[in-house]
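This report refers to the structure that appears directly beneath it.
The values are calculated or read from the model by the stated rules, or taken from the named source; none is laboratory data. Note that the structure is a prediction, hence the values are computed from the model and not measured. Positions of Cβ are generated from backbone atoms using ideal geometry, with glycine treated the same way; all protein chains shown enter the neighbour counts. For accessibility, only protein heavy atoms count, side chains too; no ligands or nucleic acids. Shrake-Rupley method; radii C 1.70, N 1.55, O 1.52, S 1.80 Å.
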Amino acid sequence: MFVRPRSRRPDGSRRPERPGAVLRRAVALTAGAVLAWTGGTVAFAPVAHAGTVTPTVHCTLPAGQGEATGPQQMSVDLSPAVVDPGGKVHAKVTLGPSPATSGLSLSDVPTTPSIDFAMSGGATGTVTVTGPQINLDIPSGKPIEIPPYEGDFIIPASAKGPISFTPVRNLTRTKVLGSTYETPCDVTGGGGSIGTVTAEGTAGLPATLAAPTTAVRPSTAVALTGSLWTAGATPVPSLCAADGGGCDTGKFVSSTLAISGSGELTGSAVLAPAGTVPDGSYLVKVGDGTKEATAPLTVKAYVPGGPRAIALSRAGAPVGSVVQVTGSNYFQDRWINTVGLDASGATLDDTAVYVKSTPDGTFSVDFTVSDPAIASIQVDEGNDPATVLTTPFTVTDASATLSAGAAKVKPGGTITLSGGDWPTGTTPTAALCAADGSACDSARISGSTLRINADGTLAGTVTVAGSTPRAVYALQVTAGGAQALTPLTVAPTFVVLTPSAGPKGTAVTVLGQGFAKVATVSVVGLRADGSQTSDPVRTKVVGLDGAFSQTFTVNATDTVAIRVREVLVNPRTETAAFTVQDGTVPAGPSFALSPSEGPVGTVVQVTGRGFAPVATVSVTGRTADGKQTSDSYVTRVIGLDGTFALNFAVRDPATRAIRACEVLVNGKIVQQSFTVS
């Protein structure tokens, strides 16, 4: 896939023109040039033992440009005079002027000549000699002169005795404006043999070749197998006409064919696109420099089975986003043009992208939302107006959002991020900044699984470096041209309130991390002046992992914060703000994971409420089929308020969920998914 201004097609020609118009222009400009390049030099003296004939040839000019008939001299020197059956013959070819001529002068035109010979006598069939590609200067109104060229061919392994070779056709392939044109010139009379080679001796058994018996599509890999090939040789595939002539290695664009030490041929060869390999019956030929074999092959391009259809990965996105445009039921190997339109339907040229349809008639292309004026996206096949499809698109506000959940994390801890309206097709990066958004430092983020989904939502986690000092920071995420900040407190000890606001009577889950193991903590409400509210004190014993959970009911309307303090000498004290609101008490979550995704080694804070007081809860990792992972289970005694909190380390990459079970008959079982990123 590549991106160009809408004003030009991928081959460099002006985009508004239809493919047929481009072809007609190319042929009109080069009519004689691409039609008459079966001609050659005229003043070469015959080489010793060379055969020369001057038959009448009939040339079929490409792209409907007509025909030309006339004499053409052909001189060929074959060597060696005697060759093993199945052996290689070298040919030197010199052609006289072609009946057709060029109407314009062109320079450095890539040209590949070839000639077919019919064998008679000691062998039958057709062989092809193909010369190397050369660049020609084509004069206007004068015969085209192709320098003498050389090539090899292999006679059948069954050949025996003198074999006569008679020219039956010459073929020239030329490349103009990115397209390849073929000009065949068939011998219609006055021909004859140009030489004889004698097949004697034995060259071993003939190689075998097997190709698919069902039709194959252009641009697809064709599996080929065989045996009795030359061990360790390099096999070269070519595609020939059904009669064995016109063999062209260029009709295969790549190959993985290989010959083993035992002479077995394996691998595949990828056919050229449909424009180069039309539907039809062919022979696929493989040669290894010593042997060759052919097998029939039928080529048939994909035919759409229904109306064309397109879809967008999202119907709206901010400027800078990348939207995936997909389509189906298109003809294969066609240029699919995708472009934005403004509200009036005018084309926004600079938004255009181009991609070729696949062998199964589908396409997928990344369309960049580069213009705020885009109101719809249009797709066509090869600039054909009859294929135009349009779908609405909305350029949305580019203000990306960012949230860090509890917004508190220990140094070295992992926290889940979320957000919306991010530019798709971009990679988000994170940094930790001062509270005012300055002095951002990406080194303070030691790991990230952040990603932007197709709908523009941000998901994933970031891990704060273990050396990060305790402070209130601003976490910055940047992707493409979008950037957002969210507050983040980094501290070895902290508390999180769920919820952090609510009406009188709200039961708040107070979650603590980083406290002294098995210490007792007290939980109280605070007024604005720092004094304790009238709500009763709650206590809880901290777990071995330094975490605890306790429910604290806020009945005092003057509460502005909740404080947690260890009942120890030099106790740790942490405070979190709480806002008393009007309304009814909201329901809190019964089971939660923080974060809900992360790499192997992530320590997940697992919290629950509504469990049986004083019962034991067991927390385990679970695989996709529900089995327990290899990670050790973690247990905790549930508080009198029915809550618990613990840390569970995810070390098994097969983890797909984390489950909490009461160790009771018919005890509660809850589970939340966890993604190992």
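How much solvent-accessible surface does SER140 expose, in Å² to the nearest 10, with a 1.4 Å probe and all protein chains in place?
Here the accessible area works out near 50 Å².
Spin-label point model (7 Å from Cα, Cβ direction): what's the ALA519 to SER281 distance in nm?
In this crude spin-label approximation the distance works out to 9.0 nm.
Taking all protein chains in place and a 1.4 Å probe, what share, in percent, of the accessible surface of the stretch 43-191 do carbon and sulfur account for?
Here it works out to 53 percent.
Can you give the accessible area of ARG636 in Å² (nearest 10), computed on protein heavy atoms with a 1.4 Å probe?
Rounded to the nearest 10, the figure is 40 Å².
Expressed as a rounded percentage, what relative contact order does the chain have, with Cα pairs under 8 Å and six or more residues apart?
8 percent
Can you tell me the mean projection area, over all orientations, of the convex hull of the stretch 253-337's alpha carbons? Units nm², please.
9.7 nm²
In vacuo Debye scattering of the stretch 565-677, one point per C-alpha: log10 I(q)/I(0) at q = 0.12, 0.23 Å⁻¹?
-0.51, -1.21
Given H placed 1.01 Å from N in the peptide plane, which residues other than close sequence neighbours of SER98 have an amide H under 5 Å from its amide H?
GLY39, GLY40, ILE144
Going down the list LYS410/LYS517; LYS92/LYS142; LYS408/LYS627; LYS175/LYS300, which pairs span over 21 Å between their C-alpha atoms?
Pairs exceeding the cut-off: LYS92/LYS142; LYS408/LYS627; LYS175/LYS300.
For the stretch 390-544, which whole-number percentage of the solvent-accessible area (1.4 Å probe, protein heavy atoms only) is attributable to carbon and sulfur atoms?
On the way: 3380 of 6310 Å².
Solvent-exposed carbon and sulfur of the stretch 390-544 make up 54 percent of the total.
Quick one: which residues, 5 or more positions from SER446 or on another chain, have an amide H under 5 Å from its amide H? H modelled 1.01 Å from N in the peptide plane, none for Pro or chain starts.
THR463, VAL464, ALA465
Collect residues whose amide H, placed 1.01 Å from N in the peptide plane, falls under 5 Å from the amide H of THR602; neighbours closer than 5 in sequence don't count.
The answer is VAL650.
Provide the packing ranking of 432-439, 505-512, i.e. peptides ordered by the mean count of other C-beta atoms within 10 Å per residue, highest first. Walk me through the numbers before you get to the answer.
Numbers: 432-439: 13.4, 505-512: 21.5.
Final packing ranking: 505-512, 432-439.
Provide the three semi-axes, in whole Å and in decreasing order, of the ellipsoid equivalent to the chain as defined by the square roots of 5 times the Cα gyration tensor eigenvalues.
79, 30, 19
In the stretch 90-223, what is the volume of the convex hull around the alpha carbon atoms, normalised per residue and reported in Å³? Don't skip to the end; give the middle numbers.
Numbers: hull volume 20.9 nm³, N = 134.
So the per-residue hull volume is 156 Å³.
Which cysteines does the chain leave without a neighbouring Cys Cβ under 4.7 Å?
Among the cysteines of the chain, those whose Cβ sits 4.7 Å or more from every other are CYS661.
Relative to the longest principal Cα axis of the chain, at what angle does helix 19-35 sit, 0 to 90 degrees, rounded to 10?
Tilt of helix 19-35: around 30 degrees.
How do LYS160, LYS668 stack up against each other in accessible area, from largest to smallest, with a 1.4 angstrom probe?
The ranking, largest first, comes out as LYS160, LYS668.
What is the Å³ per residue value for the convex hull set by the Cα atoms of the stretch 351-507? Show your work: numbers first, answer last.
Numbers: hull volume 29.5 nm³, N = 157.
In the stretch 351-507, the Cα hull volume divided by residue count equals 188 Å³.
Write down the radius of gyration of the stretch 479-619 and its Dmax, each obtained from C-alpha positions, in Å.
Taking only Cα atoms of the stretch 479-619, I get Rg and Dmax of 16.3, 52 Å.
Report ³J(HN,Hα) in whole Hz for each residue of the stretch 540-555, in order, from the Karplus equation J = 6.51 cos²θ - 1.76 cosθ + 1.60 where θ = phi - 60°; Gly and Pro get x.
7, 8, 6, x, 5, 8, x, 10, 8, 9, 8, 8, 10, 8, 8, 9
Taking Cα atoms of the stretch 57-111, Rg/Rh with Kirkwood Rh, to two decimals?
Expressed as Rg/Rh, it is 1.13.
When a/c reaches 1.5 or more, the comparison of a/b and b/c decides; with that in mind, is the stretch 528-609 rounded, prolate or oblate per its Cα gyration tensor?
oblate
Can you list the HN-Hα couplings for the stretch 357-373, worked out from phi with the Karplus curve (6.51, -1.76, 1.60; θ = phi - 60°), rounded to whole Hz and with x for Gly and Pro?
5, 7, x, 9, x, 10, 8, 8, 9, 8, 9, 8, 7, 9, 9, x, 7
Can you sort ASP186, ASP652 by solvent-accessible area, 1.4 Å probe, largest first?
ASP186, ASP652
With a 1.4 Å probe and all protein chains left in place, how much of the accessible area of the stretch 628-677 comes from carbon and sulfur atoms, in whole percent?
51 percent
So how exposed is LYS92, as accessible area in Å² (1.4 Å probe, rounded to 10)?
90 Å²
Starting from the alpha-carbon convex hull of the stretch 150-294, give the projected area averaged over all orientations, in nm².
Averaged projected hull area, Cα only: 10.1 nm².
For the stretch 406-491, calculate the relative contact order in percent as a whole number, restricting contacts to Cα pairs under 8 Å that are 6 or more residues apart.
Relative CO of the stretch 406-491 lands at 39 percent.
Could you report the chain's accessible area per residue, 1.4 Å probe, as an integer in Å²?
Numbers: 28820 Å² over 677 residues.
Using a 1.4 Å probe on heavy atoms only, each residue of the chain averages 43 Å².
Using only the alpha-carbon atoms of the stretch 150-203 as identical scatterers, what base-10 log of I(q)/I(0) does the Debye formula give at q = 0.12, 0.21, 0.27 Å⁻¹?
-0.47, -0.92, -1.11
³J(HN,Hα) across the stretch 497-507 via Karplus (A = 6.51, B = -1.76, C = 1.60, θ = phi - 60°), whole Hz, x for Gly/Pro?
Per residue, the Karplus-derived 3J(HN,Hα) values read 9, 9, x, 9, 7, x, x, 4, x, 5, 8 Hz.
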